[in-house]
Structure formats: structure tokens, C-alpha cells
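Asks: Got a structure for you, written out below as C-alpha cells; questions coming shortly.
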Amino acid sequence: MVSTIFRKMADIYNYQVGFWQRQFLQELFRAVFSLRGRVNFTNLARFSPLHEQTFRRHFQKAFRWVWFNLTIFRLRRHPEEPIIGVFDCSFLPKSGTETWGLDQFFSSLAGRSKRGMEVSVLGIVATGSSRAFGVDATQTPPDLSTDQEGQYSRVDFYLEQIIDLYDQLANLGVSYSVGDGFYAKQKVFDTVTGLGGDLITRLRSDANLRYLYTGPPKDGPGRPRQYDGKVDWDDHKALTRRFDEVGRLPDQPQVRILTTVANSPHFGRDFRVVLLVGPDGEKQVILASTDTSQPAEEVARYYRLRYQIEFVIRDAKQHAGLTHCQARSQEKLDFHLNMSVAAVNLLRLLAQKAECSLRTYRREAYNRLLISQLFSKLGLSAEYDRTDPRVQSVVRTGRMAV
């Protein structure tokens, strides 16, 4: 499978992977999928014929991970399937004092800032099948300001990642970018729309919005009336009257979908506002899209698909050692983070073909490694029949039901 991806990369991007790097990456993914325990240099060497120093040296070398991940995506994508861009950040615990990038970052698990690293993951989601693919993992630099005004901040860094990859994603048909409520900021709106795309995000529960005036034009001189009062989120009767109810969530029919086009004085733009209201009328979520002509059901569906990128991060932590890197240099950390995301993309592709879960595929990869080691140590032929039912029964030891 990796060899096929390399050939596709050469055809699509005219990028030739060197012989030694090609051999290393094939062995690296084979070791990552079959090892037990932590994904670090020492443990990789235990499950591979390569020496630990070989892993350390190759982790310093650059590789086009974005093209590798997009090639995997092209192997799985249906041509008619709409694609959206998604992005999110994740906290990575890291001990020590000399690792590059250590700083105070927010941990959603702890609910507070902790000392460690942070990775910003940009991905894409196929909206028809709800399949997510990680495209790029970038470590957040230390000592950046969290303030939006004045100096270069973390938000500026996140936006650079979006700007750098926007053209490549646009070539795939990505026009909508989706982020959680953290990205509901003036810089983000201006950047995404300036690139020619649209942003879907979540607004605060007390967002300052005002209705657009749709009544008859004003008689006489003076500026035409533009707005028709502020949106009161506590007045449920007014919301029901002034918002249009367009349907309900398909999997949660008790949640109503209300929508209107409203103006934000803070952001200085109009939004397609989508209000998701629970059965008691109290629990409500406010979504916004910079595309005022976008259907409300599509806004709600795209925002819910954003959570698929969090599953990519979760699987990278559970199956590809996203938090296990032993390295301290920026180059090795970058290689490890992107390798973990790419490994999840590849693992999902292989598990789908094998019709099993990610955990089961890794279990069977370990069993295959163990069989080959036994044949080798016992001096038997390594060319055993993989389709032999007796061999398959050993390979499938520990297989879990799908």
C-alpha cells in the first residue's frame, strides 16, 4: 500500500521519494502497526531490524507529509463527494525542560492550562461518508502571545497553517472551513474570506447580533433602514417568530433548526445564523456561516462533521503514539507528529480493506510479525502460505468483532 502511495505521489505531484527514505518509511509503518507499547525510538528498534540510531537519523529528514496524506485521501474519496476543511488544536503532555516548544497550553481534559506541547491539526472531511483525514500537523511555537491585539499571536500562527495549505485544499474542491468556537475571531473571518472561502463556526451563547430590516423602504430623505433590533436569546417567543424553522436534526428529531440572516456589529459582517434548540427550549447552540446563502441544514451538518478531526487526533494518540516521541529537536518532533497523523490515515485505509477495526488490524499485524519471527528463528521457509487456514487462525488470534 505504501509503495502504491509513493507511485501516486510521483504521478500527481511529480515528487520522487528517495530509495533509502522509501525503504525506511515502509519499515517504519510496518513497525508502528505491529509493535506493542510506546511508539518511540527504543521500542521501534525492538520490533524492527533497523537500529535505534537509524530511526533517530531519519526523523531529522524532511518529507512531504501533506502530499502523502492527500494521496491517501484521493485513494478513498468518491469524486462527487463534497469536502470541507477542518482544524483543531490538541494538548500533548511532555516532561523535561529541553524539548522545543514547551509552554503553557490549554488542556481540554484538565480544563486548564498545563505545561507541555500543542499540535495544530488541519484536516479534511468527506461529507458523504463522514470520513476524516489528517493533512498537516504543526507544533505550536513557544512564547507566543495569547492576546489578539498588537504582536504576533498564536492565532496568527494557526492562520499561517491555513494560508499555506489553502490552495492545495481548494484544488480538491474545499470551499468551507469549519472550526469550533475558539476560531470565532475577527482575524480568522477576515483571513478565510480573504482567501475566497467561507468559515463555519460556533458563536457565544450571548452573541451580539441584530436582525436585518426586511420591511418597506423608508419614505423621504435619509439613509435607508438596515437593522431591526437586537436578537434577544432569552426571548424564546421572539426567536420562534423571527427565525425560520427549517427542520430538525436527522438523528435527534427533538432538536429544532431555526435560521435567519443577521448582522454582527463586533465582526462587521452578516452571517447565516443557525439556532439549534432543544426540546425544553433552554439548551441552544448558535452556529454561524459567512455564506449567507448556505442552507441552514448544511451549516448544522458541516459543523457536526467537524468533530471527526478529533477522532483522528484520538486515534493518533491511541494507535500511532502521537504523545510518545522521545525527541527534543523541532525537526524530529515535526516528523513524529506528522508520521502519527499519516499512520492513522493509512491504518484506517488498511483496516477498511481488511473489514476490521484499527485495534484488530494492529493485533493481526503483531501476529504476522510473530509468525515471521518464529519461522526465521526455527530455520523454516519464510515463504509460508498466508492463505492457509491454519496460518490464518493464528493471525486472527485476538480478533475483535467489527
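Asks: Return the carbon/sulfur percentage of the accessible area of the chain, one whole number, probe 1.4 Å, all protein chains in place.
Replies: Percent of accessible area from carbon and sulfur atoms in the chain: 49.
Asks: Picking from 289, 113, 175, which is most flexible by a Gaussian network model of the chain using Cα springs under 10 Å?
Replies: Taking springs between Cα atoms under 10 Å, the residue moving most is 113.
Asks: Shifting gears a bit: Based on the Cα atoms of the stretch 199-357, what semi-axes does the equivalent ellipsoid have, where each is the square root of 5 times one gyration tensor eigenvalue, given in whole Å with the largest first?
Replies: 43, 20, 13
Asks: Applying the Karplus parametrisation 6.51 cos²θ - 1.76 cosθ + 1.60 with θ = phi - 60° to the phi angles of the stretch 34-43, what ³J(HN,Hα) value in whole Hz is obtained for each residue in order, glycine and proline being reported as x?
Replies: Calculated HN-Hα couplings, in order: 9, 6, 10, x, 7, 8, 9, 4, 5, 6 Hz.
Asks: Here's a follow-up. Near residue 185, which aspartates and glutamates are there with a Cα under 17 Å away, not counting those fewer than 8 places off in the same chain?
Replies: 88, 147, 149, 156, 160, 198, 206, 270, 291
Asks: Output the direction-averaged projected area (hull surface divided by four) of the convex hull of the alpha-carbon atoms of the stretch 324-378, in nm².
Replies: So the mean shadow area of the Cα hull is 5.1 nm².
Asks: For a paramagnetic label modelled at 7 Å from the Cα of residue 21 toward its Cβ, which residues of the stretch 44-78 fall within the zone defined by backbone nitrogen distances under 16 Å?
Replies: Answer for this model: 55-71.
Asks: Report the residue, chosen from 120, 293, 357, that carries the largest GNM mean-square fluctuation when the chain is represented by alpha-carbon nodes joined by springs under 10 Å.
Replies: Of 120, 293, 357, the most mobile in the Gaussian network model is 293.
Asks: When the Karplus curve 6.51 cos²θ - 1.76 cosθ + 1.60 is applied with θ = phi - 60°, which whole-Hz ³J(HN,Hα) does each residue of the stretch 305-318 get, with x for Gly and Pro?
Replies: 5, 4, 5, 5, 5, 6, 5, 5, 5, 4, 5, 5, 6, 7
Asks: Less than 27 Å apart at the alpha-carbon level, and either on another chain or at least 8 residues along: which lysines does that give for residue 94?
Replies: 61, 114, 317, 332
Asks: Å³ per residue of the Cα convex hull, for the stretch 165-270?
Replies: Working: hull volume 17.7 nm³, N = 106.
Value for the stretch 165-270: 167 Å³ per residue.
Asks: Show me the three semi-axes of the equivalent ellipsoid for the stretch 191-241, from the C-alpha gyration tensor (sqrt of 5 times each eigenvalue), largest first, rounded to whole Å.
Replies: 26, 21, 9
Asks: Another question, then. Scaled to the compact-protein estimate 2.2 N^0.38 Å, what is the alpha-carbon radius of gyration of the stretch 231-311, rounded to two decimal places?
Replies: Output field value: 1.09.
Asks: Note the direction-averaged projected area, equal to a quarter of the hull surface, for the Cα convex hull of the stretch 135-189, in nm². Each step should come with its number before you reach the end.
Replies: Working: hull surface 17.3 nm².
One quarter of the hull surface, i.e. the mean projection, equals 4.3 nm².
Asks: Cα convex hull of the chain: how many Å³ per residue?
Replies: Convex hull volume per residue, Cα atoms: 181 Å³.
Asks: Apply 1/(1 + (r/R0)^6) to the Cβ-Cβ distance of residue 151 and residue 328, taking R0 = 25 Å, and write down the FRET efficiency to the nearest 0.05. The partial results should precede the final answer.
Replies: Values: r = 27 Å, r/R0 = 1.07.
For R0 = 25 Å, the calculated efficiency reads 0.40.
Asks: Could you tell me the ratio Rg/Rh of the stretch 115-166? Both radii from Cα atoms, Rh via Kirkwood. It would help to have the intermediate numbers written out before the result.
Replies: Working: Rg = 13.5 Å, Rh = 12.6 Å.
Across the stretch 115-166, the Cα-based Rg/Rh ratio is 1.07.
Asks: Counting only Cα atoms, I'd like the Rg/Rh figure for the stretch 278-382, Kirkwood definition for Rh.
Replies: That ratio is 1.20, to two decimals.
Asks: What three numbers, in Å, describe the spread of the alpha carbons of the stretch 18-160 along their principal axes, ordered from the longest?
Replies: Result for the stretch 18-160: principal-axis Cα extents of 50, 48, 29 Å.
Asks: Roughly how many Å² is the accessible area per residue of the chain, as a whole number, for a 1.4 Å probe?
Replies: Accessible area per residue: 50 Å².
Asks: What's the extension gain from residue 376 to residue 186 if we count 0.36 nm per residue and subtract their Cα-Cα distance?
Replies: Contour length minus the Cα-Cα distance gives 62.3 nm.
Asks: Using just the helices of the chain, give the 222 nm mean residue ellipticity in deg cm²/dmol: DSSP H runs with n ≥ 4 each add -39,500 (n - 2.57), and the total is spread over all residues, rounded to 500.
Replies: Rounded to the nearest 500, it is -12500 deg cm²/dmol.
The values are calculated or read from the model by the stated rules, or taken from the named source; none is laboratory data. Note that the structure is a prediction, hence the values are computed from the model and not measured. Cβ atoms come from the backbone with ideal geometry, glycine included; neighbour counts cover every protein chain shown. Protein only, heavy atoms only, side chains kept; ligands, DNA and RNA dropped before computing areas. Shrake-Rupley method; radii C 1.70, N 1.55, O 1.52, S 1.80 Å.
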